[in-house]
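Read the structure below first, then the notes.
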Amino acid sequence: MEVNIYKNKTAVAKQFSSYFANLVKEKAAFHVALSGGSTPKLIFDVLASEYGNQIDWSQIHFYWGDERCVPPTDEQSNYKMTVDHLFSKINVPKENIHRVLGENDPKGEAMRYANLLEINLDRLDTIPQFDLVLLGMGDDGHTASIFPHNIHLWNSKDHCVVAAHPDSGQQRVSINGKVINIAKEVAFLVTGSGKAEKVDEIHNKKGDYKKYPAALVNPESGNLVWFMDEDAAVSI
Ligand code: 6PG
């Protein structure tokens, strides 16, 4: 595991963008699962502005590690966030964007998306293997859309699961922990003081830290790289 700590979120965005550009260089058919929420917004903005014309986007296939079950025009949509901050600024073929369609039938979509991954991606031990999975971490230690209260989904037999947000009950389609941990590369993007407590507990292995799904991210053979700012990593 590699832990990189930078002064602020802009520095995290710049360093991650350089890491991503190096990963995809001269790769054919690179499959990446994007994270959602708010952290990626600045990161995608910087990636697009600094590497928009340098990366051959036609070789990159975009998926989501998790998506809220809302229409693609909804402000809560991770797809919409990615269009606003990345796809609207780069030349990526529409057929390379594999949106989660879960707004109407979450359970059916979880099955469809799992099948899509199994068809589109190479598999290792029968599990679809991403070249890169981006992850964020919630203030409660969740990652993708596996929360402490539904951590049993981490090892679900289904590669994509339906999970409900603990507070809002909002339904989400999420890849499970097996898909995350089979990936060739996993990059955690964690910034802000709100994450500091869980970063401390997880990285310093405090108390019952394994109750947090983010603590279970441990790629079997792939690389795990944390990109954090000083606010999030204040205690490590
Ligand atoms: C989502 C994400 C989720 C996110 C964390 C951190 O759909 O919300 O995939 O796992 O990464 O909740 O969110 P912030 O970046 O908004 O803090």
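Assorted remarks:
- Checked against (1) within 16 Å of TYR212 (Cα to Cα); (2) modelled with pLDDT under 95, ASN104 passes all but a single condition, namely (1).
- Filtered residues of the range 214-236 (kept if among the aliphatic types (A, V, I, L, M), part of a loop (DSSP other than H, G, I, E, B) and more than 16 Å from ASP140 (Cα to Cα)): VAL234, ILE236
- Residue in the range 138-148 that is away from the ligand (no atom under 13 Å from the Cβ), at pLDDT 95 or above and on the phi < 0 side of the Ramachandran plot present: no
- Filtering the range 187-202 to residues that are within 13 Å of the ligand (Cβ to nearest atom), of a type in the set (A, V, I, L, M, F, W, C) and open to solvent by 10 Å² or more (accessible area, probe 1.4 Å) leaves only ALA196.
- Residue that is farther than 13 Å from PHE130 by Cβ, open to solvent by 20 Å² or more (accessible area, probe 1.4 Å) and of a type outside the set (Asp, Glu), where the choices are LYS205, LYS184: LYS205
- Meets criteria (within 19 Å of MET111 (Cβ to Cβ), out of contact with any strand residue (DSSP E or B) (no Cβ under 7 Å at 6 or more places or on another chain) and not in a strand (DSSP E or B)) for LYS206: no
- Output for the range 35-51, where each listed residue is surrounded by 15 or more Cβ atoms within 10 Å (Cβ to Cβ) and over 14 Å from the mean Cα position of the chain (by Cα): LEU42, ASP45, VAL46, LEU47, ALA48, GLU50, TYR51
- Each residue in the range 89-105 was checked for being outside any loop (DSSP other than H, G, I, E, B) and either open to solvent by 20 Å² or more (accessible area, probe 1.4 Å) or among the acidic types (Asp, Glu) (or both), and 4 pass.
- Close pairs (8 angstrom Cβ cut-off, 6 or more residues apart or separate chains): in contact (Cβ under 8 Å) with a residue 40 or more places away in the chain in the range 63-82, of a type in the set (Asp, Glu) and in a helix (DSSP H, G or I) anywhere: CYS69/GLU109
- Whichever residue in the range 53-76 is of a type in the set (Ser, Thr, Tyr) and out of contact with any strand residue (DSSP E or B) (no Cβ under 6 Å at 6 or more places or on another chain) and, among such residues, is least open to solvent (accessible area, probe 1.4 Å): SER58
- When MET1 is tested against (1) open to solvent by less than 40 Å² (accessible area, probe 1.4 Å); (2) farther than 27 Å from GLN170 by Cα; (3) aliphatic (A, V, I, L, M), only condition (1) is not met.
The values are calculated or read from the model by the stated rules, or taken from the named source; none is laboratory data. Bear in mind that the values here come from a model prediction, so they are computed numbers and not experimental data. Glycine gets a Cβ as well: all are built from the backbone with ideal geometry, and neighbour counts include every protein chain shown. For accessibility, only protein heavy atoms count, side chains too; no ligands or nucleic acids. Shrake-Rupley method; radii C 1.70, N 1.55, O 1.52, S 1.80 Å.
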